[in-house]
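**Q** Here it is, the structure, as structure tokens.
The values are calculated or read from the model by the stated rules, or taken from the named source; none is laboratory data. This is a predicted model, so every value here is computed, not measured. So basically every Cβ, Gly included, is an ideal-geometry build from the backbone, and we count neighbours across all protein chains shown.
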Amino acid sequence: MSDAAIPAVSSHVSTELLNASWATAGLTSAEVDQRVAAGQVNTLPHAPDRTVGQIIRANVINPVNGIVGFMLVLIIIADGIGPDMLFGGVIITNSVIGIIQELRARSALNRLAVLTAPHAVLMRSGEQFESGVEEVVLDDLLILAPGAQVVVDGEVVESTGLELNESLLTGESDPEHKAVGAQVLSGSFVSSGSGKYRAVKIGADSYAASLAQEARKFSLVNSELRSGVNKILKVLMLAIPPIAILLFWRLMQSNDGDWRIALSGVVAASVAMVPDGLVLLTSIAFMAGVISLSKKNALLRELASVELLARVDTLCLDKTGTITTGNIVVAELLHLGPESGSKSDPQVQASPEHLLAAVGASDPDPNATQQAIAKAYPEATSWELTGTVPFSSARKWSAAQFSPESGAQPIAVYMGAPEFLLGEHESEISAQVAEQAEMGRRVILLATAAEVTGENLPTDLEPRALVLLEDEVRSDAHETLQYFVEQGVTLKVISGDHPGTVAAVARRAGVPDAGSGIDARDLPEDEQELAEFVAKHTVFGRVTPRQKRAMVKALQSQEHVVAMTGDGVNDVLALKDADMGIAMGSGSGASRSVAQLVLMDDKFSSLPSVLAEGRRVMNSVERASNLFIYGTVYAVLISLTVSV
């Protein structure tokens, strides 16, 4: 895990100051009440959403509706309520379409948030129970089990092989072993083992919430079409009044001073000069695009997001959960030492594949590595597990002892980091280990011995194979990325993982010019230099959340329209500042709340059809918009001609 990516969790008070039974029983009711009264509860900041009132106000009060509404008032004054008011329907239609879309997207995201909301397992007064995350208070004792999510920042007080997946925070897919005293951060998940931790930072003080807080302010998407229409309206707001005055004077003369007829004529001419039909057409076309995309399980937050999809020319990709599935798989098995069956020793007779099958089936609560091994070697084994030495982050290995058959000699199987297990064999195998590590693979040594010798390595340890693990690339990643390349979209891979690992994944996924990854710790701090550096390179590793945001801004400074994909808390700042933030439905709630597009079914392969739909809609709108602009110009010229 990158030290630059995660801050230290500082403890505000020693556990010695808590009640004597806290480590086993948790807080008492009185202690909980005391903290609630002091406001030390896990109250999370609201997502950067607009309220219903703000949504309605934003869609009703805009330049087009203001101009058309003013003219509607004038026509009512001149002719009263009648058929001449029908042009005012643009206000209702345009407003309703925008309001419905935003409320629909808001409702869908809220439902998804409820479905994916984590729960806390607390220990209080000796009783264990499940509760909502908002009920956690400072110093609460929380229970961690496989699959559970860490809901607040804290400090581990009990660990039994506890390993956390922090990919949503750091981008690194390898699980982190957590011993007693280690920090845990909200947003990480238990991949294996179990434990307990004390709530140290809650609410807005937690790491995940602090990042989300920086992206809290709501902002509309940067729509060129909306900006262009607003510029036209500003010009018309300056041009229409003098033209209307001249036209009113001319109509008064030609209609014997009948101001009602003159005013009706002025309103009719003014309505023709305002391209309100363009705004209505755009809203309808965007709504049709949104509905079409929703059938592909792609949820757009705003109507104008359809336009951004068509204009994207640079796509920044997070590795974990976007290009990869977030799982690790066995890529290859390199045999070492004597071939199986070459000796009478049972530890040599068993093949590495059979040894791995036994290891994979031995643990009822496997970690990510064991899950990958069990999936690769699912063959049934009758070996009986007779002893284990759990993995330790200090010694970097684990061991399991098996009895192959009744009365047969036991076999001890060791697995761990090669540099800790190789011993006298290091010089023979280290070159292979280094070669595989450069390819971005995680290398685990499989070795055997006659028996497990506790915390110390046995003297007869025999290397049997190198197990090569790698991130599992999504099956549709290569085809999807190839589509973007063919469409002229530049790809950038930005991840918190090791640069070599990120580059290896990018090459396997088919990212052009992946080469070797750039370590983000070497990135220049000057904005101009950063922009030039990011433009030249494709793959970046060890990228912190704030560096991701800086890289997105650097690309935008070079007039690129940037889309950013991500699913973790570490992607929130970049997703927020990108022209088009794209989040995965199963990702963190923080990433979904700031993204403009959410892939509800997590299918990366949906992006090509999403991009194609956006371009189709924009092509239609741009062709039709020319007609409305010409109509506006003709209406202005005709009105001027009549006026003078």
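**Q** Checking the condition modelled with pLDDT under 90, more than 21 Å from the chain's Cα centre (by Cα) and farther than 22 Å from residue 602 by Cβ, which residue from 546, 521 passes?
**A** Among 546, 521, only 521 is modelled with pLDDT under 90, more than 21 Å from the chain's Cα centre (by Cα) and farther than 22 Å from residue 602 by Cβ.
**Q** For region 560-583, indicate whether the set of residues that are modelled with pLDDT of 90 or more and over 25 Å from residue 600 (Cβ atoms) is non-empty.
**A** Within region 560-583 (the criterion being modelled with pLDDT of 90 or more and over 25 Å from residue 600 (Cβ atoms)), the answer is yes, since at least one residue qualifies.
**Q** So, one more: Working only within region 473-496, note down all residues that are at pLDDT 90 or above and among the charged types (D, E, K, R).
**A** Residues satisfying the conditions are 479, 486, 492.
**Q** Considering each residue of region 51-82, count those that are over 15 Å from residue 268 (Cα atoms) and surrounded by 15 or more Cβ atoms within 10 Å (Cβ to Cβ), and give that number.
**A** So the answer is 9.
**Q** Report whether or not residue 248 is buried (at least 20 other Cβ atoms within 10 Å of the Cβ), in a helix (DSSP H, G or I) and of a type in the set (Phe, Trp, Tyr).
**A** When the stated conditions are applied, residue 248 does not pass them.
**Q** Restrict the check to region 393-410 and report whether at least one residue is under 33 Å from the mean Cα position of the chain (by Cα), surrounded by 15 or more Cβ atoms within 10 Å (Cβ to Cβ), modelled with pLDDT of 85 or more and in the same structural domain as residue 442 (by TED's automatic domain parsing).
**A** Looking through region 393-410, at least one residue is under 33 Å from the mean Cα position of the chain (by Cα), surrounded by 15 or more Cβ atoms within 10 Å (Cβ to Cβ), modelled with pLDDT of 85 or more and in the same structural domain as residue 442 (by TED's automatic domain parsing).
**Q** Sticking with this structure for a sec: Find the residue count for region 122-165, including only residues that are within 21 Å of residue 33 (Cα to Cα), in contact with a strand residue (DSSP E or B) (Cβ under 9 Å, 6 or more places away or on another chain) and of a type in the set (D, E, K, R).
**A** Looking only at that region, the number is 7.
**Q** Here's something else I'd like to know. Residues that are β-branched (Val, Ile, Thr) and crowded, with 21+ Cβ neighbours inside 10 Å: find the strands (runs of 3 or more DSSP E) completely inside region 559-644 holding 2 or more of those.
**A** So the answer is 562-566.
**Q** State the number of residues belonging to region 1-57 that are over 21 Å from residue 196 (Cβ atoms), among the acidic types (Asp, Glu) and modelled with pLDDT of 85 or more.
**A** Selection size over region 1-57: 1.
**Q** Moving to a separate point now. Can you tell me how many residues within region 438-464 are under 24 Å from residue 357 (Cα atoms), surrounded by fewer than 21 Cβ atoms within 10 Å (Cβ to Cβ), touching a residue at least 24 places away in the same chain (Cβ under 8 Å) and not β-branched (Val, Ile, Thr)?
**A** 9
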